[in-house]
Amino acid sequence: MTQQGRAHYPADAEQDDLLARHNQFETDNATAACRQTILFERQDFLEPLDREEPFRMSINSVLLDDIRISAVKTSGHRVRLVEDENVTLLLPWTGTIETDDIGRRITANTESMLIPTPGARTTVCEPGYLGLVVQLPLTRLRSAAALNPDDRWRPDGQAPGLMSVTAGQGAALGRHLRHLAYELDQPDTLLVARGAANAAALMVTELLGSAWQAGAAGSEQSVRSAGMAQVALAEEIMRAKSDDALSITALAARVGVSTRSLQLAFRQYRGVGPRQILEDFRLDAAHARLFAAAPGDNVTRIALDCGVTHLGRFATRYRTRFGETPLATLRRRRS
């Protein structure tokens, strides 16, 4: 894996341990691998790439709300599959993967990901491949896209295909998926809580929608542009709803512009995107709550109540904003 790819994952994480706490399937038999139904609706055939070498395949898999996140490790295989009900993201951890997308072949390595259009496809995982398979139900994506008619991404159309994870919206999506893979493997993860799982799944949906729209040709044409008035209205809504699992797509619809247009307006007038502003509102709310903490309150509970979904980033940004850790604020309140 490239150094750039590794930077997205903790340095002490072993590649073999990807989602290791969620082992679902392991085999040395290609027929058994073809018959497993953890990932896809139907697999017509699955064959090893090298019949002279021993075949091995494992699948570690977990549900995050209704999004399935899996890690596939293989000695190398070719599979013909059908998937009509999900949009799938294929994010290589090591090695290379290739698949069909509307009559073309697309290939990804550790600096890119594949998002093929739903349907039948033939996928080839090279020997030594390890990667994430993230499956979002089309029903979820249709609901997200319907929140804002001004957005130009449509999950029933052609998917992005190949996307870079080293720049642009794809980089944000790739980083978040890598973070989730690490967090889901921790024994004390908070993502088992329903509220946290819902918020994390919403973030995946939001980032996919943003990346999809950013890659769509002409996505900014004939779309109402956001100005200062829309930015101010969006900030008012975010301040009032900061403790909710607030969707930036829904926020853009509320102020009457496309998601992308709102993001561009925030960068023009505020220098940062709307999600960072929302995180700042949550930091301020958490700071106030910590100063008024009741006996028995703790940092984690207060942060979650204020809408925080990434506790590690919360602690770092809190210290940057207020000059001390959240725990130090809580201790000062109680001293």
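The values are calculated or read from the model by the stated rules, or taken from the named source; none is laboratory data. It should be emphasised that the depicted structure is a prediction, and the values quoted were computed from it without experimental measurement. Every residue, glycine as well, gets a Cβ built from its backbone with ideal geometry; the counts of neighbours run over all protein chains shown.
At a glance:
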item	result
Meets criteria (aliphatic (A, V, I, L, M), at pLDDT below 90 and crowded, with 20+ Cβ neighbours inside 10 Å) for Ala240	no
Total residues in the stretch 71-120, condition among the β-branched types (Val, Ile, Thr), closer than 23 Å to Leu184 by Cα and part of a strand (DSSP E or B)	6
Count - residues of the stretch 247-260 that are crowded, with 22+ Cβ neighbours inside 10 Å and within 19 Å of Ala172 (Cβ to Cβ)	7
Leading residue by the ranking (farthest from the chain's Cα centre (by Cα)) among those in the stretch 261-316 that are within 23 Å of Ile237 (Cα to Cα) and of a type in the set (Asp, Glu)	Asp284
Close pairs from the stretch 294-306: first in contact (Cβ under 8 Å) with a residue 60 or more places away in the chain, partner aliphatic (A, V, I, L, M), Cβ under 6 Å, at least 6 apart	Cys306/Ala285; Cys306/Ala286
Residue within the stretch 76-89 that is touching a residue at least 60 places away in the same chain (Cβ under 8 Å) and on the phi < 0 side of the Ramachandran plot present	yes
Flag if Ala252 is assigned to a helix (DSSP H, G or I), out of contact with any Pro (no Cβ under 7 Å at 6 or more places or on another chain) and among the aliphatic types (A, V, I, L, M)	yes
Qualifying residue in the stretch 126-136 (condition: touching a Phe, Trp or Tyr at 6+ places or on another chain (Cβ under 6 Å), in the same structural domain as Phe25 (by TED's automatic domain parsing), assigned to a strand (DSSP E or B) and surrounded by fewer than 21 Cβ atoms within 10 Å (Cβ to Cβ))	yes
Identity of the residue in the stretch 160-185, without any contact (Cβ under 8 Å) to a residue 60 or more places away in the chain and assigned to a loop (DSSP other than H, G, I, E, B), that ends up surrounded by the fewest Cβ atoms within 10 Å (Cβ to Cβ)	Ala167
Residue match in the stretch 214-235 (condition: touching a helix residue (DSSP H, G or I) at 6+ places or on another chain (Cβ under 8 Å), more than 25 Å from Gly161 (Cβ to Cβ), of a type in the set (S, T, N, Q) and surrounded by 15 or more Cβ atoms within 10 Å (Cβ to Cβ))	yes
Criterion (part of a helix (DSSP H, G or I), within 26 Å of Leu190 (Cβ to Cβ) and not hydroxyl-bearing (Ser, Thr, Tyr)) met by exactly one of Arg68, Arg21	Arg21
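Results for (1) in contact with a strand residue (DSSP E or B) (Cβ under 6 Å, 6 or more places away or on another chain); (2) farther than 28 Å from Asp156 by Cβ, shown as yes or no for each residue.
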| site | (1), (2) |
| --- | --- |
| Thr31 | no, yes |
| Cys34 | yes, yes |
| Phe45 | yes, no |
| Arg51 | no, yes |
| Arg56 | no, yes |
| Val72 | yes, no |
| Glu83 | no, no |
| Asn86 | yes, no |
